[in-house]
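Everything below concerns the one structure shown next.
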Amino acid sequence: MNDELKTLELAKIYENQGYYEDAFEIYSFLDEKDSSNEIKEGLVRMEKKIKDEEKHESHPKENISRLFEKWLKLMVLKQRLDHFTRIKSRLS
């Protein structure tokens with residue numbers, strides 16, 4: 001990524017979207033140039049978030065089962081939506 005694009009605003013956007021490693025990279029870059037409290041706090045938050053993610057990934061079977069359950073729910077909801085769409089088209 002171009003150094004000109006590495007801004008505090010972009011780091012915050014990445015953080016809010018859950019791209020913690022990308023945000024950490026930008027916070028680290030910014031810390032080398034200007035070590036303000038906001039940047040330091042961002043670094044600490046990203047380190048914690050990345051460690052928390054690593055803890056959750058240490059039990060992949062639990063993650064897989066949780067993701068599979070979400071996938072099943074989404075499939076059921078999609079079938080319902082398709083069903084209602086067909087009903088609506090018949091009524092039109």
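Since every read-out is calculated from the coordinates, none of them should be taken as a lab result. From a predicted model like this one, the values you see are computed outputs, not experimental measurements. Cβ placement follows ideal geometry from the backbone for every residue including glycine, while neighbour counts extend to all protein chains displayed.
Numbers at a glance
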quantity: Dipole magnitude (debye, nearest 20) for the chain, charges at Cβ of Lys, Arg, Asp, Glu; calculated: 1260
quantity: Span from the segment 1-16 Cα centroid across to the segment 29-55 one, whole angstrom; calculated: 13
quantity: Rel. contact order, % - alpha carbon contacts under 8 angstrom, at least six apart, segment 1-55; calculated: 32
quantity: Length-normalised contact order for the chain - Cα pairs under 8 Å, 6+ apart - percent; calculated: 19
